[in-house]
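The values are calculated or read from the model by the stated rules, or taken from the named source; none is laboratory data. Everything numeric in this text was worked out from a predicted model, so none of it was measured. Neighbour counts are summed over all protein chains in view; Cβ atoms, including those assigned to glycine, are modelled from backbone coordinates with ideal geometry.
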Amino acid sequence: MIASKRNRVCDEKSLMTMETNRVTMLPENQTVVFYTPLKGNDVLVRTGTIGEGSCLFHSVLLAHSSEYQALSHDRRREFVQKLRSSMSRGVSKGDWERLGDGMVSRVPFQEKMREMMGEIYTTVPFGGDGLSSLGHSARKVLSEILVDSRARKICRLISDLVPYEEGFEQTIFPNTAKGCENDTGVGRWGKIMKQETFKYMATRPELQGVPDDKLVSLKNGVFVLVNTMVKEAEHSVYKKYKSTLKDTAEDVDQQLIQLVSERFDRDIYFVDGNTRMPYKNDFSCTDNIKGRRAIIILWVDSVHFEVIGRLLPGNRVQRDFGPDDPLIKKLRTFLCEPGKVASKYPELASYLPKEYASRSDHEETGLYQIPSPSSSESSGNDEW
């Protein structure tokens, strides 16, 4: 890609000051040399992007889309808003349940179940009085299950036999979560929660000697309660996720990064602006890196994203890289195969975590310590 004509120029002195100080957010479209030990023989640059909750989208699009590159500031923001809305509409419930190995759906779903059960138990008597004081989801659940006096009686009996703190909070919810911890999504939650509720109820002495027909009615009441709660919790948190996805003010999390990676069919590598080295978390080598073409994103002050590129002859900047590009292979090795760094890229060995660093003079330099760049590396390449 050829850099935009709107890029701003800074002089050599300003550039050297920028490169020896901490990385700070650039104005949109401004491109400057970026020093990192990863550079090898390359001249790497970074380009400023629009600063809002969608800066990851702006960074990826700047690297990927010629259409986006030609747009004005306002049109770029409109472009991203439409993209996020499109992605929100395209996320099916199955997609949502698979994100982050199920964690995206499972965690908020469990929180919603606890929230609703707590409201049902502690806000009003379980007979249905005072529904107007409940939150929308709890009110909806009770409105659906308390259809007549018989249903109200069964629900009161459940609340007597299964106290909220000892029963649900301390026993049933933890056991259900443990039974679902390896699941993708929330599909089995209702089944396991009913089983755990029946197991808890079986320990209650009040049920000894109760006629079978009454036990069946009680179990049916639990069945209806849990199924109705599961349905509402799943609908509520899925709807909230889709709403968050299209909201340009929402910050980026790992699950959104995964969606963006899949949408653009690109591996996404992150470089920490504080260390100037690859940033790694538990998902770096599983969700984002799959041997596809790649984009490199700079994480600035832990709040903003910019895009990193390679300066080419003719003041062109490459921001989209093949999977076998030497720079990408270096990043992938550092993140995903750190044990090979010392032999393949010995100049980077001292930046590894201590368990991988070679037993040498560099071992005491600490994690990802960055030396100051020399003037020859910074000067003469001020901006494109």
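Just one residue in the set SER66, SER105 is of a type in the set (Ser, Thr, Tyr) and surrounded by fewer than 16 Cβ atoms within 10 Å (Cβ to Cβ); that residue is SER66.
Within the bounds of segment 320-331, is there any residue that is assigned to a strand (DSSP E or B) and crowded, with 18+ Cβ neighbours inside 10 Å? Give the derivation first.
Our first condition is that a residue be assigned to a strand (DSSP E or B); within segment 320-331, this holds for 321.
Subset that is crowded, with 18+ Cβ neighbours inside 10 Å: 321.
For segment 320-331, residues assigned to a strand (DSSP E or B) and crowded, with 18+ Cβ neighbours inside 10 Å: present.
Within segment 220-257, the set of residues being over 36 Å from the mean Cα position of the chain (by Cα) and either at positive phi or surrounded by fewer than 16 Cβ atoms within 10 Å (Cβ to Cβ) (or both) comprises ASN220 only.
Of the residues VAL303, VAL341, which single one is out of contact with any strand residue (DSSP E or B) (no Cβ under 8 Å at 6 or more places or on another chain), closer than 29 Å to SER105 by Cβ and among the aliphatic types (A, V, I, L, M)? I'd like the intermediate steps shown before the answer.
Values: VAL341 fails: closer than 29 Å to SER105 by Cβ.
Exactly one of VAL303, VAL341 is out of contact with any strand residue (DSSP E or B) (no Cβ under 8 Å at 6 or more places or on another chain), closer than 29 Å to SER105 by Cβ and among the aliphatic types (A, V, I, L, M), namely VAL303.
Can you report the number of residues in segment 189-203 which are surrounded by 13 or more Cβ atoms within 10 Å (Cβ to Cβ) and of a type in the set (Lys, Arg)?
Restricting attention to segment 189-203, the residues satisfying the condition of being surrounded by 13 or more Cβ atoms within 10 Å (Cβ to Cβ) are 189-198, 200-201.
In the following step, the residues that additionally are of a type in the set (Lys, Arg) were identified as 191, 194.
Within segment 189-203, residues that are surrounded by 13 or more Cβ atoms within 10 Å (Cβ to Cβ) and of a type in the set (Lys, Arg) number 2.
Among the candidates GLY100, GLY179, GLY167, GLY190, the residue that is outside the structural domain of LEU256 (by TED's automatic domain parsing) and at pLDDT below 85 is uniquely GLY100.
Of everything in segment 42-63 that is in contact with a helix residue (DSSP H, G or I) (Cβ under 9 Å, 6 or more places away or on another chain) and of a type in the set (S, T, N, Q), the residue that is surrounded by the most Cβ atoms within 10 Å (Cβ to Cβ) is THR49. Each residue in segment 260-282 was checked for being modelled with pLDDT of 90 or more, closer than 19 Å to ARG46 by Cβ and surrounded by fewer than 19 Cβ atoms within 10 Å (Cβ to Cβ), and 3 pass.
Criterion first (over 20 Å from LYS246 (Cβ atoms), touching a Lys or Arg at 6+ places or on another chain (Cβ under 6 Å) and touching a residue at least 60 places away in the same chain (Cβ under 8 Å)) does THR47 satisfy it?
No; evaluated as a whole, the condition is false for this residue.
One residue stands out in segment 283-304 among those that are within 25 Å of GLY90 (Cα to Cα) and among the hydroxyl-bearing types (Ser, Thr, Tyr): the one that is modelled with the highest pLDDT, namely THR286.
Against the condition at pLDDT 90 or above and either closer than 17 Å to TYR269 by Cα or of a type in the set (Ser, Thr, Tyr) (or both), how does SER14 come out, does it pass? Give the steps one after another, and end with the answer.
Working: at pLDDT 90 or above: no; either closer than 17 Å to TYR269 by Cα or of a type in the set (Ser, Thr, Tyr) (or both): yes.
So SER14 fails the test.
With respect to (1) at pLDDT 90 or above; (2) of a type in the set (A, V, I, L, M); (3) assigned to a loop (DSSP other than H, G, I, E, B), the lone exception for VAL226 is condition (3).
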